[in-house]
Amino acid sequence: MSFTVAIIGRPNVGKSTLFNRLVGRKIALVDDLPGVTRDRRVHGAKLYDLKFDVIDTAGLEEVDSESLEGRMRAQTELAIGEADLVFFLVDAKAGITPTDVTFADLVRRAGKKVILVANKAEARGAESGMYDSYALGLGEPTPISAEHGQGFPDLRDAIVEIMGEERVFPDEHKKDDAGDSIAVTIPAVPRSLDELIGDDIDDPDADDIPAYDASKPLRIAIVGRPNAGKSTLVNTMLGEDRLLTGPEAGITRDSISVDWEWNGRKIKLFDTAGLRRKSRVQGKLEKLSVGDALRAIRFAEVVIIVLDATIPFEKQDLQIADLIIREGRAPVIAFNKWDLVENRQMVLADLREKTERLLPQIRGIRAVPISGERNQGIDKLMAAVASTDEIWNRRISTGRLNRWLEGVLAHHPPPAVAGRRLKIKYITQVKTRPPGFVISCSRPDAFPTSYVRYLANGIRETFDIQGVPIRLVLRTSDNPFAGRAKKKR
């Protein structure tokens, strides 16, 4: 049985730096500005031979409970309740403050096992601050430097001592009823992408195509402009106040992943920071938040674009949608704050018309009106997500594609360019997620863009690949006689 560790402390003592060190990746945003972390984040961690879950939390502050900082504190207190062990971090360089004393009492009253961690112990003069921390009544401090990776053997020993070897060293191999070891499958490393985004198809000519697995886990990113209601939507899905919300724009900074289950299907949700126009993104911290959101989009399979139904289709909304399409993700639009809309039938018809007109590069994109705050339309939204993911994974056999191509060429053959007819030999699907197709033809560079678009739209309509991006690449077959000089008789 594993255990969970919550990293607690006042702002800017190095909680996120320690979190990143334990996780082994720079997941949490780190900056010299206090109060960067706002939501609590959970991730698997490893410290030498110890494996556990670690929670990064917002800095504890003495503030009014209704303020943003007060709501951040409430999230931290929830993390303390979830944890089996608490790392109480203090800044050894700065010494002990009244805030440290106040929140040491809070942690002590929670009744959790606590390790006092004196961070930044490599700094000159940190020794006196470390000795001062004994006054907190949390036991002997463990000096570390999260930034430089110092002191971690002592931290590991402190964990083993307080948790007990039985808890921190569970059996490495689970046994079944017969006593045999259960094999663990290690996922394959993704292969590099060549000309098309997507997963390679092993045998494009195979007619036996596996059916879509509706039970497989799904990764969904929630994106949109600031204050569109992304975190509120995630909280409603989860049925708890898991993420920090409020009237202030730009509350979310890190991309937070949470596990959820819908109709028996496991789902990982990624709540992201609001994406503003590039010209308005100022400061290192906001740039880090935007970069974190973009990574979440690339990692996701389906991306829910949350639009404010009262002010939809701002320029930034369209740029976000275009970014997702270029990344090859499967998009679904959620018109949020639908409870604030009057004359809904007329507004919905207008929104659907604007969706088709303003996003012509991806026909048939699914758009669902919802209210994240009032839990309206969530099931319809998830049904649209599941349907879009199925289409995004769609696989079409080479035989069906070429039978369709024969009809297209008979009805509307490629035009002649510079007096020479363009020829198409065959088509095959070589990628999925999103669907990617290769057309073998003569002189690919000479094909008009309008004819390539005609072929793409034909594939979309004939094989019902609506609402997801598709990729179409033209290439010529190798000429075995190219480069050979003519022999003289």
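Read-outs: derived from the displayed coordinates by stated rules, not from any lab. Worth saying up front: this structure is predicted, and the values here are computed from it rather than measured. Because the Cβ atoms are built from the backbone with ideal geometry, glycine has one as well, and the counts that use them run over all protein chains shown.
Data for the structure
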read-out: Set K15/K46; K26/K46; K51/K266; K51/K93 screened for pairs whose C-alpha atoms are more than 21 Å apart; value: K51/K266; K51/K93
read-out: Table column - 3J(HN,Hα) (Hz), the stretch 342-354, Karplus curve with 6.51, -1.76, 1.60, x for Gly and Pro; value: 9, 6, 5, 4, 5, 5, 5, 4, 5, 5, 5, 5, 5
read-out: Per-residue HN-Hα couplings for the stretch 465-475 [Karplus 6.51, -1.76, 1.60; θ = phi - 60°; Hz; x = Gly/Pro]; value: 9, 9, x, 10, x, 10, 10, 10, 10, 9, 8
read-out: Using a Förster distance of 56 Å, the FRET efficiency for E127-E240 (Cβ separation, nearest 0.05); value: 0.85
read-out: Highest to lowest packing among 9-17, 216-224, scored as the average C-beta count within 10 Å; value: 9-17, 216-224
read-out: Label-point separation, D207 to R156 (7 Å along Cα→Cβ), nm; value: 5.9 nm
read-out: Sorted by Cβ density within 10 Å, fewest first, the residues F87, F3; value: F3, F87
read-out: Long-range amide H partners of V114 with built H, under 5 Å; value: V86
read-out: Table column - 3J(HN,Hα) (Hz), the stretch 262-275, Karplus curve with 6.51, -1.76, 1.60, x for Gly and Pro; value: 10, 6, x, 9, 6, 9, 10, 9, 10, 8, 10, 5, x, 9
read-out: Long-range HN-HN contacts of Q376 with modeled amide H, under 5 Å; value: S371
read-out: Separation between Cα centres of the stretch 343-362 and the stretch 308-327, rounded to whole Å; value: 13 Å
